[in-house]
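Q: Pasting a structure here, questions to come.
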Amino acid sequence: MTLKEKADKIRQILSTAYPDVKTQLDYKNPFQLLVATILSAQCTDKQVNQVTPALFLQLSSPRDFAEADIETIEKLIRPTGFYHNKARNLRLCSEMLVNQFHGRVPDTLEELIQLAGVGRKTANVVLGAAFGKPGIVVDTHVARISRRLGLTQNQNPEKIEMDLMALIPKKSWNAFCLRLIYFGRETCKARKPGCPSCPLLHLCPFGAKSSGA
């Protein structure tokens, strides 16, 4: 079996296990998703969703964030952790949106990654969920599971992204990564993966080694 064939089998099994997938972050427009994704760094989606309703009630647009005091933003986002850095990035990002993009969130990877606090992972989340554009989102779940399954040997997120792009059909990029995230939260956990009950065990070198198969 080639690596491409293996990736196809993994994709089919995950598609059956998780037929309907979407980002777990709550948002009403591309800007809200951008803010929520920035806040989700080192924080759970659940925690972010508890913070954003009050945040967006007080600050609803890029101009609101750009003109807000850093202390105000920090107070509103504090439960998400690393709030000093996140607040600074949110204000700088919003200033860039106002000054360079007429207050609108751009819909290309090249433009998004120019924004403060926005790397390829955040950009691909926004492109996929807000604009329906294909992208590979490499978060901790996707990186960990891709390595365990033998789909990549790389540690660097951008290299993992390139490896998966070569194996997964472009139209399936967004859904495949979301399914890996669902799978990582439910079964292939970092510390205690559920290898014995895993539907991918027969395709997983890590699982075979862990279970003594």
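The values are calculated or read from the model by the stated rules, or taken from the named source; none is laboratory data. Keep in mind that what you see is a predicted model, and the values were worked out from it rather than measured. Positions of Cβ are backbone-derived with ideal geometry, glycine not excepted, and every protein chain shown enters the neighbour counts.
Q: Could you figure out which of (1) in contact (Cβ under 8 Å) with a residue 40 or more places away in the chain; (2) in a helix (DSSP H, G or I) isn't true of VAL21?
A: The failed condition is (2).
Q: Turning to a different aspect of this structure: So which of LEU34, LEU14 ends up being closer than 20 Å to LEU115 by Cβ and surrounded by 20 or more Cβ atoms within 10 Å (Cβ to Cβ)?
A: Going through LEU34, LEU14 in turn, the sole match is LEU34.
Q: Out of region 44-81, which residues are among the β-branched types (Val, Ile, Thr) and either modelled with pLDDT of 95 or more or not assigned by TED's automatic domain parsing to the domain that holds LEU34 (or both)?
A: Across region 44-81, the qualifying residues are VAL48, VAL51, THR52, ILE70, THR72, ILE73, ILE77, THR80.
Q: Here's another thing I want to ask about it. Any idea how many residues of region 87-119 are more than 20 Å from ILE77 (Cβ to Cβ) and either of a type outside the set (A, V, I, L, M) or at pLDDT below 95 (or both)?
A: Residues flagged as more than 20 Å from ILE77 (Cβ to Cβ) and either of a type outside the set (A, V, I, L, M) or at pLDDT below 95 (or both) within region 87-119 amount to 12.
Q: Still on this structure: Inspect region 195-209 for any residue being of a type outside the set (A, V, I, L, M), outside any helix (DSSP H, G or I) and surrounded by 22 or more Cβ atoms within 10 Å (Cβ to Cβ) and give the result as yes or no.
A: yes
Q: How many residues are of a type in the set (A, V, I, L, M, F, W, C) and modelled with pLDDT under 95 when one looks only at region 22-42?
A: Result for region 22-42: 1.
Q: Given the options ARG179, ARG148, ARG185, ARG191, name the one that is in contact with a Pro (Cβ under 8 Å, 6 or more places away or on another chain) and either surrounded by 19 or more Cβ atoms within 10 Å (Cβ to Cβ) or not assigned by TED's automatic domain parsing to the domain that holds THR108 (or both).
A: Of the residues listed, the single one that is in contact with a Pro (Cβ under 8 Å, 6 or more places away or on another chain) and either surrounded by 19 or more Cβ atoms within 10 Å (Cβ to Cβ) or not assigned by TED's automatic domain parsing to the domain that holds THR108 (or both) is ARG148.
Q: Separate question: Say we look at region 24-73 and pick out the residues that are assigned to a helix (DSSP H, G or I) and in contact (Cβ under 8 Å) with a residue 60 or more places away in the chain; which of these is nearest to the chain's Cα centre (by Cα)?
A: Looking at residues that are assigned to a helix (DSSP H, G or I) and in contact (Cβ under 8 Å) with a residue 60 or more places away in the chain, I get THR37.
Q: Take the residues in region 93-126 that are out of contact with any Pro (no Cβ under 7 Å at 6 or more places or on another chain) and of a type in the set (Val, Ile, Thr), then tell me which one is surrounded by the most Cβ atoms within 10 Å (Cβ to Cβ).
A: Out of the qualifying residues, it is VAL125.
Q: With THR122, THR152 as the choices, which residue is touching a helix residue (DSSP H, G or I) at 6+ places or on another chain (Cβ under 7 Å), among the hydroxyl-bearing types (Ser, Thr, Tyr) and closer than 24 Å to ILE77 by Cβ?
A: After applying the criteria, what remains is THR122.
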